[in-house]
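Asker: Right, I'll just put the structure down here and ask away after.
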Amino acid sequence: MSFETLFFLYLLSIPVTGLCLIAAIWARAHYRRRAIEYADLSSRLPEACRYEDLRSRVIDEEARYEEVRSERAEAERIVEEAERQRQWLEENRDQLLALEAERREQEQIRAELASQQEELARLTSDRDSARDHAERLRFEAERLEHRHKQLEDEVTDLIQRRDTAQAETQKLLSQLTELQKQEAKLETRSTKLSEEVARLSEELKRLEASQKKLWEQESEQASRLTAAREEHASLRQKCKGLESSREQLEQTIDFLRKEHRQRDPGAHQEGIDLFTPSLHADAFEKAMRKPDELECLANVRRYLEARGLRFHERVVNALHTAFKIGLESPLTVLAGISGTGKSLLPRCYAEAMGLHFMNVAVQPRWDGPQDLLGFYNYMERRFVPTELSRGLLQMDAFFPQEWDAPDAFVSLSDRMVLVLLDEMNLARVEYYFSEFLSRLELRRDIDAGRAEDRSRSSVTLERATAEGVDVPLFVGQNVLFVGTMNEDESTQSLSDKVVDRATSLRFGPPPRLRAEEDEGHETSSAKPEALRANRFLPFTAWKSWLSERQLDPAATSEVDRYVDAFNDVLSTIGRPFGYRTRNAIHAYVQQYPRQGEDGLRWALADQIEQRLLPKLRGLDPAELVAENAIRRAGQLAQELGDDALSQTIEAGLRSEFDSYFTWLGVERVPDDVETVA
């Protein structure tokens, strides 16, 4: 046993022995006292009572005696046990003393151990403090390293800013040259401009001389560059002001000319208001009777041939189908190089189809819908309409119902009119046509028979009557819009809003420029006058053409498959289309005049040309994603059997004149003309 156990038993035996001795002494004394009490009671009780109670008392005393005996025996046993414990203690006293000494030594060791543990705790605390200090030092080192990287980035940024400053300096030098070229045009400001140019030249020289000290003088260089930019911006603003003044003078001259014509008694514009017809009912004898769509299209092609214009059947079909989906795409755009017949094609289409025709020449200064539809002249206190607004009012089927039209007004709402916006991108299309285009797009979501719905897509002509009342103008499906656009330095590009809401037909360069007489080609013997329609196409017939077309489930599934393929191509370059384009593609295929397998393939191939390729223009074929998207478009065209389109896409991809993908359109040669290699 351990020392602690033995020592504990030793300490426990002492009080146990004492208790045993006390119990034995108490038992002996109790026994003697009970015996004396018994003897005393026996002497004092009468003999009779003692005899009667003797037996019960003897029994009680015997029971008590037995208890005392048992207690005595237990006390003797405890005394014996205590004696044995005492003897054991006597026998093991030396061992207990040794154990006591050992216990004291162990307590001393424990005290030393506690002291050492305290020292260890102090050392552990010092170690933790050292670790914390080391962690702080490591964090400080990381922060310093991060700061070092930031300083390196700042140094790189400063280098880039220095390069930018150099580029800006070169730009300022080139702009200085341009300002010197324009100096002759600004004679009234030549002196001041010369001083400013000289000051800019000196400033540029100082900037070039101080480029070597860019690291130390960055703030000063930046301030000088800012001053140069401000001076340049000021010069550009002054040039814009002069240009604006010139335009204002031109507008004033035009206004004075118009006012002069209005005051001239022989002027032809005198007395014209909104209700003066611009379209004449006697342009056609009467209405066509049950016109057949395919026969009318064949007549258009014959009329073009008689006029000496050679267009492929697919070009005519594409133009016709683009007009038919006016609810999905209200505007048809004919784009390409000048001189390819973009303006003649819609005019001949209207003449052969029996449509009224309006040619609206867009002016570069147009900047709002007032230039297109007219405006209220506050000086003359009257509304000045345009030929287009007067013609659209004649085509509005609801105007005679809601207004008391004057006697001179002639409604032509049962007919069709084709409006040509000639060179529509001479001015910003978004400025003068965007709001009007949004109104046209709303027509597919309304019930034209309800005035409340109709007002949502109507254009308001403010104060258009002599009484100054606003006139709502509703443009129905009997009005077709087409615009031509040349692509050169004098024109503006179309925004995505206009492109997404339009059907674009692009005319490529002709395959050859030789005269047909030199080629031995026999022109049509029919005269154009004989093929020109002398009867107008009723609007009811046009609507019947729109409602006759329905696709079967197999064709619908095929169209959906190609629509998904088109969208996948555009999604890879981040230009996917939405429901508007999807619905327009479905409507185009459904309304295509030639049905069957060939018609389906032609219509889908047209959508690659009209919807897909305009979104791919400007991509860099050197980038793998762009090249794959363009090649995928060519593969889709090849799947549809349009080899000419596929080859044109491939040619645009391999263009040697431009590093970007250019799409100039595909020239479809008529079936009876052989392409010269």
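The values are calculated or read from the model by the stated rules, or taken from the named source; none is laboratory data. If you're wondering where the values come from, they're calculated on a predicted model, not measured in any experiment. So basically every Cβ, Gly included, is an ideal-geometry build from the backbone, and we count neighbours across all protein chains shown. When the accessible area is computed, the model is the full protein with side chains, heavy atoms only, and any ligands, DNA or RNA have been set aside. Shrake-Rupley method; radii C 1.70, N 1.55, O 1.52, S 1.80 Å.
Asker: Using 0.36 nm times the number of residues separating Ser434 and Leu173, minus their current alpha carbon distance, what extension gain do you get?
Answerer: Values: separation 261, 0.36 × 261 = 93.96 nm, distance 3.92 nm.
Extra length from Ser434 to Leu173 when fully extended: 90.0 nm.
Asker: Count neighbours as other Cβ atoms within 10 Å of each site's Cβ, and list the chymotrypsin sites (Phe, Trp or Tyr not before Pro) in the range 299-386 that are DSSP loop with at most 14 such neighbours. The partial results should precede the final answer.
Answerer: Working: sites: Tyr303, Phe311, Phe323, Tyr349, Phe357, Trp366, Phe375, Tyr376, Tyr378, Phe383; in loops: Phe311, Trp366, Tyr378.
Within the range 299-386, the qualifying chymotrypsin sites (Phe, Trp or Tyr not before Pro) (loop, at most 14 other Cβ atoms within 10 Å) are Tyr378.
Asker: Sticking with this one: What's the extension gain from Glu76 to Ala466 if we count 0.36 nm per residue and subtract their Cα-Cα distance? Don't skip to the end; give the middle numbers.
Answerer: On the way: separation 390, 0.36 × 390 = 140.40 nm, distance 14.45 nm.
Answer, rounded to one decimal: 125.9 nm.
Asker: Next question, about the same structure. Efficiency by 1/(1 + (r/R0)^6): what FRET value for Arg127 and Glu91, r their Cβ-Cβ distance, R0 = 51 Å, to the nearest 0.05? Can you show the working numbers first?
Answerer: Details: r = 53 Å, r/R0 = 1.03.
With a Förster radius of 51 Å, E is 0.45.
Asker: Using amide H atoms built 1.01 Å from N in the peptide plane, name the residues 5+ places from Arg382, or on other chains, whose amide H lies under 5 Å from its own.
Answerer: Here the answer is Asn377, since their amide H atoms fall under 5 Å of that of Arg382.
Asker: Take the alpha carbon gyration tensor of the range 298-343, find the square roots of its eigenvalues, order them as a ≥ b ≥ c, and report rounded if a/c is under 1.5; if not, report prolate when a/b exceeds b/c, else oblate.
Answerer: On the way: a/c = 2.78, a/b = 1.38, b/c = 2.01.
Because a/c hits 1.5 or more and a/b fails to exceed b/c, the range 298-343 counts as oblate.
Asker: A follow-up question, please. Mark the label point 7 Å from the Cα of Asp496 along Cα→Cβ and return the residues of the range 567-590 whose backbone N is within less than 15 Å of it.
Answerer: The answer is 570-581.
Asker: For the pair Val155 and Ser201, how long in nm is the line joining their label points, each one 7 Å along Cα→Cβ?
Answerer: 4.0
Asker: Report the trypsin sites (Lys or Arg not before Pro) located in the range 341-427 that are in a DSSP loop and have at most 15 other Cβ atoms inside 10 Å of their Cβ, or state none. Please list the in-between numbers first.
Answerer: Working: sites: Lys342, Arg347, Arg365, Arg381, Arg382, Arg390, Arg415; in loops: Lys342, Arg365, Arg381, Arg415.
Counting only loop positions with at most 15 other Cβ atoms within 10 Å, the trypsin sites (Lys or Arg not before Pro) in the range 341-427 are Arg365, Arg381.
Asker: Rounded to the nearest 20 Debye, what is the dipole magnitude of the range 299-448 about its Cα centre when Lys and Arg each give +1 and Asp and Glu each give -1 at the C-beta?
Answerer: About 680 debye.
Asker: While we're looking at this one, here's another question. Please compute the modelled spin-label separation between Glu118 and Glu140, points set 7 Å along Cα→Cβ, answer in nm with one decimal.
Answerer: 3.3
Asker: At 0.36 nm per residue, minus the direct Cα-Cα distance, what do Ile14 and Asp40 gain on full extension? Give it in nm, one decimal, please.
Answerer: On the way: separation 26, 0.36 × 26 = 9.36 nm, distance 3.96 nm.
Separation in residues times 0.36 nm, less the Cα-Cα distance, equals 5.4 nm.
Asker: Using r as the Cβ-Cβ distance of Arg289 and Tyr579, and R0 as 45 Å, what FRET efficiency do you calculate, to the nearest 0.05? Before the final figure, lay out the partial values.
Answerer: Details: r = 39 Å, r/R0 = 0.87.
Approximately 0.70, to the nearest 0.05.
Asker: Solvent-accessible area per residue for the range 316-413 at a 1.4 Å probe radius, Å²? Numbers along the way, then the final one.
Answerer: Values: 3630 Å² over 98 residues.
Roughly 37 Å² per residue, with all protein chains present.
Asker: Further question on the same structure: Is the shape of the range 106-155 rounded, prolate or oblate, going by the alpha carbon gyration tensor and its root eigenvalues a ≥ b ≥ c, with a/c under 1.5 for rounded and a/b larger than b/c for prolate? Walk me through the numbers on the way to the answer.
Answerer: On the way: a/c = 12.90, a/b = 11.36, b/c = 1.13.
Prolate shape, in that a/c is at least 1.5 and a/b is the bigger ratio.
Asker: Turning to a different aspect of this structure: Take the alpha carbon atoms of the range 443-480, find their center, do the same for the range 83-158, and report the distance between the two centers in whole angstrom.
Answerer: If we compute the Cα centre of each part, the gap is 93 Å.
Asker: I've got another one for you. May I ask you to work out the translational diffusion coefficient for the range 71-116 at 37 °C, viscosity 0.692 mPa s, via Stokes-Einstein with Rh from the Kirkwood sum over Cα pairs, reported in whole µm²/s?
Answerer: Numbers: Rh = 13.0 Å.
The Stokes-Einstein estimate is 253 µm²/s.
Asker: Also: Which GluC sites (Glu not before Pro) in the range 272-343 sit in a loop by DSSP (not H, G, I, E or B) and have at most 15 other Cβ atoms within 10 Å of their own Cβ? Walk me through the intermediate numbers first.
Answerer: Values: sites: Glu285, Glu293, Glu295, Glu305, Glu313, Glu328; in loops: Glu285, Glu328.
For GluC sites (Glu not before Pro) across the range 272-343 that sit outside H, G, I, E and B with at most 15 neighbouring Cβ atoms in 10 Å, the list reads Glu285.
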